[in-house]
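Quick notes on the structure that follows.
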Amino acid sequence: MKRDLFKGDLPVLILAVVGEAPCHGYAIAREIERRSEGALGVKEGALYPALRVLESNGAIVGEWQEQVGTPARKIYKLTQSGHAELEKAATSWRSYARSFERVLGGSNEPA
Amino acid sequence: MNPLDEFLDRVGGHLRSMPGWKREEELRELRSHLEQRVEDFEHEGLKTEEAQARAVEAFGSPKALGGKLCDAWEGVPTSWRGIAAGVLKTITIWFVAQMVWWTPLVVLSHLASISPYTPTPTYLYIFLVFALLSTLVVSIYCGILLSSLLGRRGPMVVLAAPFLAALLADVVFVVEHYIPVELYVPEGNMFYQQVAGLFLELLFTFPLWLLGAAMFRIIQVRRLRSLPRGEVPNAKGNFGPFLRFKSRKG
(Lines give C-alpha, C1' and ligand atoms only; values in the text may rest on other atoms or scores of the structure.)
Protein backbone atom coordinates (compact mmCIF):
# COMPACT_ATOMS: atom_id res chain seq x y z
CA MET A 1 0.00 0.00 0.00
CA LYS A 2 1.62 3.24 -1.17
CA ARG A 3 1.75 6.12 1.28
CA ASP A 4 3.02 9.66 0.78
CA LEU A 5 5.73 10.77 3.16
CA PHE A 6 4.92 13.29 5.87
CA LYS A 7 6.90 16.51 5.84
CA GLY A 8 9.27 15.50 8.64
CA ASP A 9 9.96 11.98 7.28
CA LEU A 10 11.85 12.86 4.15
CA PRO A 11 15.02 14.42 5.66
CA VAL A 12 15.62 11.28 7.76
CA LEU A 13 15.24 9.00 4.75
CA ILE A 14 17.56 11.20 2.70
CA LEU A 15 20.20 10.96 5.44
CA ALA A 16 19.76 7.17 5.56
CA VAL A 17 20.28 6.78 1.80
CA VAL A 18 23.16 9.23 1.59
CA GLY A 19 24.71 7.67 4.69
CA GLU A 20 25.00 4.39 2.84
CA ALA A 21 26.79 5.91 -0.16
CA PRO A 22 27.07 9.37 -1.75
CA CYS A 23 24.46 9.87 -4.47
CA HIS A 24 22.58 12.50 -6.46
CA GLY A 25 19.00 13.69 -5.97
CA TYR A 26 17.38 11.41 -8.54
CA ALA A 27 19.11 8.34 -7.15
CA ILE A 28 18.01 9.28 -3.60
CA ALA A 29 14.35 9.38 -4.65
CA ARG A 30 14.54 6.08 -6.51
CA GLU A 31 16.47 4.39 -3.69
CA ILE A 32 13.83 5.38 -1.11
CA GLU A 33 11.15 3.91 -3.35
CA ARG A 34 13.20 0.77 -4.00
CA ARG A 35 14.03 0.12 -0.33
CA SER A 36 10.42 0.65 0.72
CA GLU A 37 9.31 -1.63 -2.18
CA GLY A 38 7.18 1.17 -3.55
CA ALA A 39 5.35 1.79 -0.23
CA LEU A 40 6.83 5.25 0.33
CA GLY A 41 6.27 7.80 -2.42
CA VAL A 42 8.76 10.66 -2.70
CA LYS A 43 7.21 13.89 -3.96
CA GLU A 44 9.83 15.21 -6.34
CA GLY A 45 8.78 18.76 -5.47
CA ALA A 46 9.67 18.19 -1.80
CA LEU A 47 13.01 16.46 -2.44
CA TYR A 48 15.18 19.38 -3.49
CA PRO A 49 13.96 21.85 -0.81
CA ALA A 50 14.66 19.11 1.78
CA LEU A 51 18.15 18.63 0.32
CA ARG A 52 18.78 22.38 0.54
CA VAL A 53 17.71 22.51 4.19
CA LEU A 54 19.98 19.57 5.04
CA GLU A 55 22.82 21.28 3.19
CA SER A 56 22.33 24.56 5.02
CA ASN A 57 22.19 22.71 8.37
CA GLY A 58 25.51 21.07 7.51
CA ALA A 59 24.15 17.51 7.61
CA ILE A 60 25.07 16.85 3.97
CA VAL A 61 27.39 18.47 1.49
CA GLY A 62 26.83 18.57 -2.26
CA GLU A 63 29.49 18.62 -4.95
CA TRP A 64 29.10 18.88 -8.70
CA GLN A 65 30.80 16.06 -10.55
CA GLU A 66 31.47 16.32 -14.27
CA GLN A 67 30.99 13.03 -16.08
CA VAL A 68 32.00 11.90 -19.55
CA GLY A 69 29.05 11.37 -21.85
CA THR A 70 26.40 12.36 -19.29
CA PRO A 71 25.40 15.70 -17.80
CA ALA A 72 27.17 16.83 -14.60
CA ARG A 73 25.46 15.72 -11.41
CA LYS A 74 25.43 17.09 -7.88
CA ILE A 75 26.47 14.29 -5.54
CA TYR A 76 25.57 14.51 -1.86
CA LYS A 77 27.46 12.92 0.99
CA LEU A 78 26.92 12.82 4.73
CA THR A 79 29.01 14.98 7.05
CA GLN A 80 29.98 14.07 10.60
CA SER A 81 27.09 16.06 12.04
CA GLY A 82 24.83 14.37 9.49
CA HIS A 83 25.93 10.97 10.82
CA ALA A 84 25.10 12.05 14.36
CA GLU A 85 21.72 13.37 13.29
CA LEU A 86 20.96 10.16 11.40
CA GLU A 87 21.87 8.02 14.43
CA LYS A 88 19.62 10.09 16.68
CA ALA A 89 16.70 10.07 14.22
CA ALA A 90 17.05 6.35 13.48
CA THR A 91 17.04 5.48 17.21
CA SER A 92 13.98 7.63 17.78
CA TRP A 93 12.11 6.10 14.82
CA ARG A 94 12.97 2.53 15.80
CA SER A 95 11.77 3.13 19.33
CA TYR A 96 8.55 4.68 18.00
CA ALA A 97 7.99 1.78 15.60
CA ARG A 98 8.55 -0.78 18.41
CA SER A 99 6.07 0.98 20.69
CA PHE A 100 3.51 1.16 17.87
CA GLU A 101 4.01 -2.52 17.14
CA ARG A 102 3.52 -3.41 20.81
CA VAL A 103 0.22 -1.52 20.99
CA LEU A 104 -1.02 -3.02 17.71
CA GLY A 105 0.02 -6.53 18.72
CA GLY A 106 -1.08 -6.32 22.34
CA SER A 107 -4.40 -6.82 24.07
CA ASN A 108 -6.22 -4.75 26.67
CA GLU A 109 -5.72 -5.49 30.35
CA PRO A 110 -8.73 -7.15 31.93
CA ALA A 111 -10.88 -4.53 33.72
CA MET B 1 9.11 24.83 -26.03
CA ASN B 2 8.87 21.31 -24.60
CA PRO B 3 7.24 20.65 -21.19
CA LEU B 4 10.63 20.38 -19.43
CA ASP B 5 11.84 23.78 -20.68
CA GLU B 6 8.48 25.36 -19.90
CA PHE B 7 8.45 23.95 -16.39
CA LEU B 8 12.05 25.01 -15.67
CA ASP B 9 11.33 28.46 -17.06
CA ARG B 10 8.41 28.85 -14.70
CA VAL B 11 10.39 27.58 -11.70
CA GLY B 12 13.21 29.98 -12.62
CA GLY B 13 10.75 32.87 -12.56
CA HIS B 14 9.98 32.10 -8.91
CA LEU B 15 13.61 31.94 -7.74
CA ARG B 16 13.53 35.70 -7.18
CA SER B 17 15.77 35.96 -4.14
CA MET B 18 18.62 33.92 -5.68
CA PRO B 19 21.60 35.34 -7.52
CA GLY B 20 22.03 34.28 -11.15
CA TRP B 21 24.72 31.68 -10.47
CA LYS B 22 22.56 29.97 -7.80
CA ARG B 23 19.47 30.00 -10.00
CA GLU B 24 21.46 28.34 -12.80
CA GLU B 25 22.71 25.65 -10.43
CA GLU B 26 19.23 24.86 -9.15
CA LEU B 27 17.76 24.66 -12.65
CA ARG B 28 20.68 22.54 -13.84
CA GLU B 29 20.06 20.02 -11.08
CA LEU B 30 16.32 19.97 -11.70
CA ARG B 31 16.90 19.50 -15.43
CA SER B 32 19.23 16.56 -14.79
CA HIS B 33 16.58 14.95 -12.56
CA LEU B 34 13.80 15.53 -15.08
CA GLU B 35 15.84 14.16 -17.98
CA GLN B 36 16.62 10.97 -16.08
CA ARG B 37 12.97 10.60 -15.15
CA VAL B 38 11.96 11.01 -18.79
CA GLU B 39 14.52 8.35 -19.78
CA ASP B 40 13.07 5.93 -17.23
CA PHE B 41 9.52 6.54 -18.44
CA GLU B 42 10.65 5.99 -22.04
CA HIS B 43 12.23 2.66 -21.03
CA GLU B 44 8.84 1.72 -19.59
CA GLY B 45 7.36 2.25 -23.04
CA LEU B 46 5.97 5.81 -22.89
CA LYS B 47 6.39 8.21 -25.79
CA THR B 48 8.71 11.19 -25.25
CA GLU B 49 5.93 13.82 -24.93
CA GLU B 50 3.99 11.70 -22.45
CA ALA B 51 7.16 10.88 -20.49
CA GLN B 52 8.03 14.58 -20.28
CA ALA B 53 4.51 15.48 -19.14
CA ARG B 54 4.57 12.81 -16.43
CA ALA B 55 8.04 13.80 -15.25
CA VAL B 56 6.95 17.42 -14.87
CA GLU B 57 3.68 16.44 -13.18
CA ALA B 58 5.61 14.57 -10.48
CA PHE B 59 7.23 17.86 -9.42
CA GLY B 60 3.93 19.61 -8.78
CA SER B 61 3.46 23.38 -8.93
CA PRO B 62 6.49 25.37 -10.24
CA LYS B 63 5.45 28.29 -8.02
CA ALA B 64 5.40 26.13 -4.88
CA LEU B 65 8.74 24.53 -5.77
CA GLY B 66 10.35 27.92 -6.51
CA GLY B 67 9.00 29.35 -3.24
CA LYS B 68 10.28 26.41 -1.18
CA LEU B 69 13.72 26.56 -2.79
CA CYS B 70 13.90 30.30 -2.00
CA ASP B 71 12.82 29.69 1.60
CA ALA B 72 15.53 27.05 1.98
CA TRP B 73 18.11 29.39 0.39
CA GLU B 74 17.18 32.24 2.76
CA GLY B 75 16.96 29.94 5.79
CA VAL B 76 13.48 31.11 6.83
CA PRO B 77 10.97 28.82 8.55
CA THR B 78 8.48 26.95 6.40
CA SER B 79 6.44 25.16 9.07
CA TRP B 80 3.38 26.75 10.66
CA ARG B 81 5.11 26.51 14.02
CA GLY B 82 8.12 28.47 12.78
CA ILE B 83 5.93 31.13 11.18
CA ALA B 84 3.77 31.43 14.31
CA ALA B 85 6.92 31.78 16.44
CA GLY B 86 8.10 34.65 14.23
CA VAL B 87 4.73 36.41 14.45
CA LEU B 88 4.57 35.92 18.22
CA LYS B 89 8.09 37.29 18.68
CA THR B 90 7.22 40.40 16.67
CA ILE B 91 3.92 41.02 18.45
CA THR B 92 5.63 40.60 21.83
CA ILE B 93 8.25 43.19 20.91
CA TRP B 94 5.48 45.53 19.67
CA PHE B 95 3.48 45.03 22.86
CA VAL B 96 6.40 45.55 25.25
CA ALA B 97 7.68 48.60 23.36
CA GLN B 98 4.25 50.20 23.40
CA MET B 99 3.66 49.43 27.09
CA VAL B 100 6.96 51.16 27.95
CA TRP B 101 5.71 54.46 26.53
CA TRP B 102 1.95 54.35 26.82
CA THR B 103 1.57 52.91 30.34
CA PRO B 104 3.26 55.85 32.15
CA LEU B 105 1.35 58.26 29.90
CA VAL B 106 -2.01 56.71 30.76
CA VAL B 107 -1.21 56.54 34.49
CA LEU B 108 0.07 60.14 34.60
CA SER B 109 -2.94 61.41 32.61
CA HIS B 110 -5.27 59.63 34.97
CA LEU B 111 -3.49 61.06 38.04
CA ALA B 112 -3.59 64.55 36.54
CA SER B 113 -7.32 64.23 35.73
CA ILE B 114 -8.44 63.13 39.20
CA SER B 115 -7.14 66.33 40.81
CA PRO B 116 -9.34 69.33 39.94
CA TYR B 117 -6.61 71.80 40.90
CA THR B 118 -3.77 70.36 38.83
CA PRO B 119 -3.52 71.74 35.30
CA THR B 120 -2.30 69.27 32.67
CA PRO B 121 1.47 69.25 33.05
CA THR B 122 3.64 70.16 30.07
CA TYR B 123 5.65 66.96 30.47
CA LEU B 124 2.50 65.00 29.61
CA TYR B 125 2.51 66.55 26.15
CA ILE B 126 6.22 65.72 25.80
CA PHE B 127 5.47 62.15 26.82
CA LEU B 128 2.68 62.03 24.26
CA VAL B 129 5.00 63.17 21.47
CA PHE B 130 7.59 60.51 22.42
CA ALA B 131 4.86 57.89 22.59
CA LEU B 132 3.60 58.81 19.12
CA LEU B 133 7.13 58.83 17.67
CA SER B 134 7.87 55.48 19.26
CA THR B 135 4.66 54.08 17.77
CA LEU B 136 5.83 55.24 14.36
CA VAL B 137 9.33 53.81 14.74
CA VAL B 138 8.25 50.56 16.41
CA SER B 139 5.58 49.92 13.76
CA ILE B 140 8.08 50.26 10.93
CA TYR B 141 10.64 48.17 12.86
CA CYS B 142 8.12 45.38 13.47
CA GLY B 143 7.34 45.28 9.76
CA ILE B 144 11.08 44.99 9.06
CA LEU B 145 11.40 42.26 11.70
CA LEU B 146 8.58 40.22 10.17
CA SER B 147 10.24 40.35 6.74
CA SER B 148 13.59 39.45 8.28
CA LEU B 149 12.18 36.47 10.17
CA LEU B 150 9.74 35.17 7.59
CA GLY B 151 11.23 36.18 4.25
CA ARG B 152 8.70 36.34 1.41
CA ARG B 153 5.86 35.61 3.85
CA GLY B 154 6.61 38.73 5.95
CA PRO B 155 4.58 41.24 3.88
CA MET B 156 1.80 38.63 3.47
CA VAL B 157 1.52 38.17 7.23
CA VAL B 158 1.39 41.94 7.71
CA LEU B 159 -1.61 42.10 5.36
CA ALA B 160 -3.41 39.70 7.71
CA ALA B 161 -2.50 41.85 10.75
CA PRO B 162 -5.63 44.09 10.76
CA PHE B 163 -7.89 41.05 11.05
CA LEU B 164 -5.75 39.59 13.80
CA ALA B 165 -5.68 42.91 15.67
CA ALA B 166 -9.46 43.36 15.48
CA LEU B 167 -9.93 39.77 16.67
CA LEU B 168 -7.56 40.23 19.62
CA ALA B 169 -9.26 43.49 20.65
CA ASP B 170 -12.63 41.68 20.56
CA VAL B 171 -11.24 38.91 22.74
CA VAL B 172 -10.11 41.50 25.29
CA PHE B 173 -13.59 43.13 25.34
CA VAL B 174 -15.23 39.75 25.86
CA VAL B 175 -12.81 38.91 28.71
CA GLU B 176 -13.48 42.35 30.24
CA HIS B 177 -17.23 41.68 30.15
CA TYR B 178 -16.94 38.34 31.94
CA ILE B 179 -14.04 39.14 34.28
CA PRO B 180 -14.56 42.79 35.33
CA VAL B 181 -11.44 43.70 37.28
CA GLU B 182 -13.26 46.80 38.57
CA LEU B 183 -14.95 44.63 41.20
CA TYR B 184 -11.54 44.03 42.79
CA VAL B 185 -9.47 47.05 41.83
CA PRO B 186 -10.92 50.53 41.36
CA GLU B 187 -10.42 51.72 37.77
CA GLY B 188 -9.00 48.24 37.09
CA ASN B 189 -10.77 47.99 33.74
CA MET B 190 -8.42 50.69 32.53
CA PHE B 191 -5.94 47.84 32.05
CA TYR B 192 -8.26 46.02 29.64
CA GLN B 193 -8.92 49.24 27.78
CA GLN B 194 -5.21 49.85 27.40
CA VAL B 195 -4.57 46.34 26.10
CA ALA B 196 -7.49 46.56 23.67
CA GLY B 197 -6.29 50.02 22.71
CA LEU B 198 -2.86 48.61 21.82
CA PHE B 199 -4.38 45.99 19.54
CA LEU B 200 -6.57 48.62 17.89
CA GLU B 201 -3.45 50.73 17.48
CA LEU B 202 -1.93 47.81 15.62
CA LEU B 203 -4.93 47.99 13.30
CA PHE B 204 -4.38 51.67 12.56
CA THR B 205 -0.61 51.44 12.25
CA PHE B 206 -0.62 48.49 9.89
CA PRO B 207 0.24 50.71 6.88
CA LEU B 208 3.51 51.49 8.70
CA TRP B 209 4.11 47.78 9.31
CA LEU B 210 3.47 47.12 5.63
CA LEU B 211 5.82 49.94 4.63
CA GLY B 212 8.60 48.51 6.82
CA ALA B 213 8.01 44.94 5.64
CA ALA B 214 7.81 45.82 1.93
CA MET B 215 10.80 48.22 1.93
CA PHE B 216 12.93 45.74 3.81
CA ARG B 217 11.94 42.86 1.56
CA ILE B 218 12.99 44.84 -1.51
CA ILE B 219 16.40 45.62 0.04
CA GLN B 220 16.78 42.05 1.30
CA VAL B 221 16.07 40.51 -2.12
CA ARG B 222 18.55 42.90 -3.77
CA ARG B 223 21.25 41.93 -1.26
CA LEU B 224 20.52 38.22 -1.67
CA ARG B 225 20.61 38.45 -5.45
CA SER B 226 23.98 40.16 -5.37
CA LEU B 227 25.72 37.50 -3.28
CA PRO B 228 28.91 36.41 -5.08
CA ARG B 229 29.42 32.83 -6.23
CA GLY B 230 30.14 30.46 -3.37
CA GLU B 231 28.60 32.64 -0.66
CA VAL B 232 25.32 31.78 1.01
CA PRO B 233 23.03 33.79 3.28
CA ASN B 234 23.80 33.34 6.93
CA ALA B 235 20.31 32.96 8.36
CA LYS B 236 21.39 33.84 11.89
CA GLY B 237 23.03 37.07 10.84
CA ASN B 238 20.83 37.77 7.87
CA PHE B 239 18.99 40.97 8.71
CA GLY B 240 18.18 39.75 12.19
CA PRO B 241 16.63 42.02 14.78
CA PHE B 242 19.76 44.15 14.85
CA LEU B 243 19.80 44.58 11.08
CA ARG B 244 23.14 42.91 10.46
CA PHE B 245 23.68 41.19 7.16
CA LYS B 246 26.31 38.54 6.89
CA SER B 247 26.94 35.93 4.30
CA ARG B 248 29.22 32.97 4.66
CA LYS B 249 31.21 30.74 2.39
CA GLY B 250 28.96 27.92 1.21
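The values are calculated or read from the model by the stated rules, or taken from the named source; none is laboratory data. If you're wondering where the values come from, they're calculated on a predicted model, not measured in any experiment. Cβ: placed from backbone, ideal geometry, glycine included. Neighbour counts: every protein chain shown. Areas reflect the complete protein model, heavy atoms only, side chains present, ligands, DNA and RNA absent. Shrake-Rupley method; radii C 1.70, N 1.55, O 1.52, S 1.80 Å.
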field: trypsin sites (Lys or Arg not before Pro) restricted to DSSP loop in the range B:3-35 with at most 11 other C-beta within 10 Å
entry: none
message: With the crude spin-label approximation of a point 7 Å out along Cα→Cβ, what separation in nm comes out for B:L124 versus A:H83?
response: 7.1 nm
message: How large a share of the accessible area of the protein assembly as shown, in percent, is made up of carbon and sulfur atoms when the probe is 1.4 Å and the other protein chains stay in place?
response: 62 percent
- line: Taking a crude spin-label model, label points 7 Å out from Cα along the C-beta direction, the B:L167 to A:F100 distance in nm is 3.2 nm
- prompt: Considering lysine pairs in chain A that are 8 or more places apart or on different chains, how many have Cα atoms under 25 Å apart?
  reply: 9
- line: Residue separation between A:S92 and A:E20 times 0.36 nm, minus their alpha-carbon distance, gives in nm 24.0 nm
field: Area hidden from solvent between A and B (accessible, protein heavy atoms only, 1.4 Å, total, Å²)
entry: 1900 Å²
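Less than 12 Å Cβ to Cβ from B:Q36, Lys/Arg counted +1 and Asp/Glu -1: what total charge do the surrounding residues give? Write down the numbers at each step before the final one.
Details: positive: A:R30, A:R73, B:R31, B:R37; negative: A:E44, B:E29, B:E35, B:E39, B:D40, B:E42.
Its environment carries a net charge of -2.
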message: Using a Cα-Cα cut-off of under 17 Å, which aspartates and glutamates could be cross-linked to B:K22, ignoring same-chain neighbours fewer than 8 residues away?
response: A:E55, A:E63, B:D9, B:D71, B:E74, B:E231
query: In nanometres, what is the gap between the two model label sites at B:A84 and B:S226, each 7 Å from Cα along Cα-to-Cβ?
result: 3.8 nm
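Please give me the summed charge of the neighbours of A:A72: other residues whose Cβ is under 13 Å from its Cβ, Lys and Arg +1, Asp and Glu -1.
On the way: positive: A:R73, A:K74, B:R28, B:R31; negative: A:E63, A:E66, B:E24, B:E25, B:E29, B:E35.
Cβ neighbours under 13 Å give a net charge of -2.
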- line: Sorted by chain and then number, the residues having a modelled amide H within less than 5 Å of the amide H of A:H24, at least 5 places away or on another chain, are A:Y76
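Assuming R0 = 22 Å, can you tell me the calculated FRET efficiency for the pair A:A39 and A:E63, based on Cβ-Cβ distance, to the nearest 0.05? Walk me through the numbers on the way to the answer.
Details: r = 31 Å, r/R0 = 1.41.
Rounded to the nearest 0.05, the efficiency is 0.10.
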- request: Name the most mobile residue of A:L40, A:L13, A:L51, meaning the one with the largest mean-square fluctuation, in a Gaussian network model of chain A with Cα contacts below 10 Å.
  value: A:L40
